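Written out below as structure tokens is the structure these notes cover.
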Amino acid sequence: QRLPLQQQVAGFYKQRWQACPIVNGSAMETGTALPVRAPQDRAIQVGSLFEADSETVAQAIQGAQQAFPRWNGTPVKERSAALERAADLLETHRAELIALCQLEAGKTLQDAIDEVREAVDFCRYYAVQARQLFGTPVTLDGPTGETNELYLQGRGVFVCISPWNFPLAIFTGQVMAALVAGNCVLAKPAEQTSLIAARAVTLFHQAGIPGEVLQLVPGEGRRIGPLLTAHAGITGVAFTGSTETAWQINRSLAARNAPIATLVAETGGQNAMIVDSTALPEQVIQDVVASAFTSAGQRCSALRVLFVQEDVADRILDLLRGAMAELTVGDPCHLESDVGPVIDEAARRTLQQHISEMRQQARLIAETPLPPDGEAGCFVAPVAFEIKRMDQLDREHFGPVLHVIRFKAAGLDEVISQINQAGYGLTLGIHSRNETTSRYIESRVRVGNVYINRNQIGAVVGVQPFGGLGLSGTGPKAGGPHYLLRFATERTRTIN
Ligand code: NAD
């Protein structure tokens, strides 16, 4: 008889994992093993990481280049079938992957369950999309006696560089999009979450994706990243991470004396929510807390700046204090924890620095208590400050810190201009029961995803395609019907 999911997951809490380069189908234990520690308790060693080096990277690129013509020539229905088998294997190993997301990335049980679900959804969705887009060539009308067709092909070797905050879902989404379009892939996961990526790659190989077609080159981004992006043999990069790293990758690609590479970048956000006086306060608070503090605020979509109309601000802030007092910060493996740790000590220090600056410059609204035994882990308690203007924040603060700004009804245009001037364009929340107001805001804020009268996190593959513009990325949207096109090149065939 099968145990309930939670018990199955707990059965993996004592397991230990390993990540190493997987090049041309072989696991390579290069250099020395680095310990991988759980963010909630640095005493727990979840596994070890062997980083790639310049030699393994070169071998991987060469293997991928050689494998490209055959993989690109494989009928799309076979490539799609491999993605569907990968989805089945992810589901079969769901409990282990959930446990690993909890231990390596500090995810709560619900976040980890959602993470695996999303990875599965990406595989199945892109499999279907690929069959539609890559299946039959489009026939174009032309002169009599001539046949003209247009069809899609892979581009070559894609580098997929992913972040730690969705260590399985984003990793899988990028890799599968590139693969199903006919590309070979070098996957470079975030150094903080290489164990999850290595486990996934092993399953993807089991699903029938050849070792030369999908290679894993884990290691520190600053070192391994440039080895990949400066290489003349790569034809594209799919990157999700910070805006600053996207700039570095762009520069590295531009400096190559090589064919122009495609860059698909999904980057940071300075996401706002606007609440007017017609909004329902209880609903607002539920959505604010979910948007700002779920996953310890470590979602690119997370709410950072809450604009509240003056007339309702006191009431909203009172409710916010109450809701934040009810949150429990703690070990993500404990069911009662709402908010787990941030990813590592460096992230905790950066956030603490920002919080202490805010204590000097801004008014504290509320702060959730830290767990009494939290010293062993990288915990940052949810905190909310009232500030005057959005430009007091010079960049994205990737954690559970909410900034609140009051505005007068006549100042809505100024609010919109502050949001646009920040230059990001990822998510925007609007809470208003006045449709004219909400349409007015929506038409003027430059942003990729707008959420009205709900929280602004948790995009659903195939239903809410996700991605930004400006400093938040290039598009097209992940989990949407156009995403695969960026991984493909168009070819025409004219037959006399
Ligand atoms: P990061 O930019 O520090 O790292 C992302 C990846 O880039 C990692 O794999 C890292 O090793 C690698 N990297 C670092 N330096 C590199 C270099 N010079 N060349 C090549 N690769 C390099 O980001 P992070 O801290 O892992 O993730 C958090 C950030 O990601 C936040 O800014 C968040 O908003 C953003 N994010 C965006 C989305 C989105 O869909 N827009 C989704 C998730 C996360």
Taking just the C-alpha trace of region 286-354, give me its Rg and Dmax in Å. 13.6, 41
Looking at region 274-433, send over the antiparallel percent of its DSSP beta bridges, to the nearest 5. 20 percent
With the alpha-carbon atoms as the only input, what is the per residue convex hull volume for region 150-194 in Å³? 59 Å³
As a check on your grasp of the helix formula, calculate [θ] at 222 nm for the chain: sum -39500 (n - 2.57) over DSSP H runs of n ≥ 4, divide by the residue count, round to the nearest 500. -12500 deg cm²/dmol
Global size of region 84-179 as Cα Rg and Dmax, reported in angstrom: 18.4, 64
Need one number: nm distance between label points at SER443 and THR74, each 7 Å from Cα along Cα→Cβ, rounded to one decimal. 4.9 nm
So if the hydrodynamic radius of region 356-496 is defined as the Kirkwood radius over C-alpha pairs, what does Stokes-Einstein give as its diffusion coefficient at 25 °C and 0.890 mPa s, in µm² per second? 134 µm²/s
Spatial extent of region 221-352: Rg and Dmax, with the Cα atoms as the point set, Å: 20.3, 59
For region 11-112, with all protein chains present and a 1.4 Å probe, just round the carbon and sulfur fraction of the accessible area to a whole percent. 49 percent
Of all the C-alpha pairs in region 146-239, what % are more than 16 Å from each other? 52 percent
Per residue of region 341-354, what does 6.51 cos²θ - 1.76 cosθ + 1.60 with θ = phi - 60° give for ³J(HN,Hα)? Whole Hz please, x for Gly and Pro, Karplus curve as stated. x, 8, 5, 7, 4, 5, 5, 4, 4, 4, 5, 5, 4, 5
Viscosity 1.306 mPa s, temperature 10 °C: what is the translational diffusion coefficient of region 369-421 from Stokes-Einstein with a Kirkwood Rh over Cα pairs, rounded to a whole number of µm²/s? 118 µm²/s
Residue farthest toward the positive end of the dipole of the chain, with Cβ of Lys/Arg at +1 and Asp/Glu at -1: which of THR147, LEU186, ALA127? THR147
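Set the Förster radius R0 to 35 Å, insert the Cβ-Cβ distance between GLN7 and GLU84 as r into 1/(1 + (r/R0)^6), and round the FRET efficiency to 0.05.
Efficiency, from the Cβ-Cβ distance: 0.80.
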Relative intensity, log₁₀ I(q)/I(0), of region 185-227 from a Debye sum that treats every alpha carbon as a point, q = 0.19 Å⁻¹: -0.55
From largest to smallest, what semi-axes in whole angstrom does region 1-160 give when each is the square root of 5 times an eigenvalue of its alpha carbon gyration tensor? 39, 23, 12
I need the semi-axes of the equivalent ellipsoid of region 12-96: take the C-alpha gyration tensor, multiply each eigenvalue by 5, square-root it, list largest first in whole angstrom. 30, 22, 8
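Could you work out how much longer the chain between ALA346 and ALA258 gets when fully extended? Use 0.36 nm per residue separation minus the Cα distance between them, nm to one decimal.
Extra length available between ALA346 and ALA258 comes to 28.1 nm.
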With a bin width of 10 angstrom, please list the P(r) values of region 424-475 as percents of all Cα-Cα pairs, from the 0 bin to the one holding the largest distance. 25, 53, 22, 1
Which ³J(HN,Hα) values in Hz, rounded to whole numbers, follow from the phi angles of region 67-74 under the Karplus curve 6.51 cos²θ - 1.76 cosθ + 1.60, where θ = phi - 60° and Gly and Pro get x? 7, 4, x, 5, 5, 5, x, 5
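How do the peptides 376-384, 183-191, 259-267 rank, highest first, by the average count of neighbouring beta carbon atoms within 10 Å per residue? Before the final figure, lay out the partial values.
Working: 376-384: 23.1, 183-191: 27.6, 259-267: 19.8.
So the order, starting with the most tightly packed, is 183-191, 376-384, 259-267.
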DSSP beta bridges in the chain [antiparallel fraction, %, rounded to 5]: 35 percent
Of all DSSP beta bridges in region 2-75, antiparallel share, percent nearest 5: 70 percent
Which percent of the accessible area of region 425-496 is formed by carbon and sulfur heavy atoms (probe 1.4 angstrom)? 49 percent
Angle in degrees between helix 243-254 and the longest Cα principal axis of the chain, rounded to the nearest 10: 30 degrees
Using only Cα atoms, locate the centre of region 170-216 and the centre of region 350-425, then give the distance between them in Å, rounded to an integer. 36 Å
The chain: angle of helix 435-444 to the longest principal axis, Cα-based, in degrees nearest 10: 60 degrees
Helix 310-325 sits at what angle to the longest principal axis of the chain, using alpha carbons and giving 0 to 90 degrees rounded to 10? 70 degrees
How big is D for the chain, in µm² s⁻¹ as a whole number, if Stokes-Einstein is applied with the Kirkwood radius of its Cα pairs at 20 °C and 1.002 mPa s? 91 µm²/s
Per residue, how large is the accessible surface of the chain? Use a 1.4 angstrom probe and give square angstrom. 41 Å²
log10 I(q)/I(0), Debye, Cα-only region 253-321, no solvent, q = 0.15, 0.29 Å⁻¹? -0.57, -1.28
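The values are calculated or read from the model by the stated rules, or taken from the named source; none is laboratory data. Remember, predicted model here, so these are calculated numbers, not experimental data. When we count neighbours, we look across all protein chains shown, and the Cβ atoms used for this are built from the backbone with ideal geometry, even at glycine. Note: accessible area is taken over every heavy atom of the protein model, side chains too, but ligands, DNA and RNA are not part of it. Shrake-Rupley method; radii C 1.70, N 1.55, O 1.52, S 1.80 Å.
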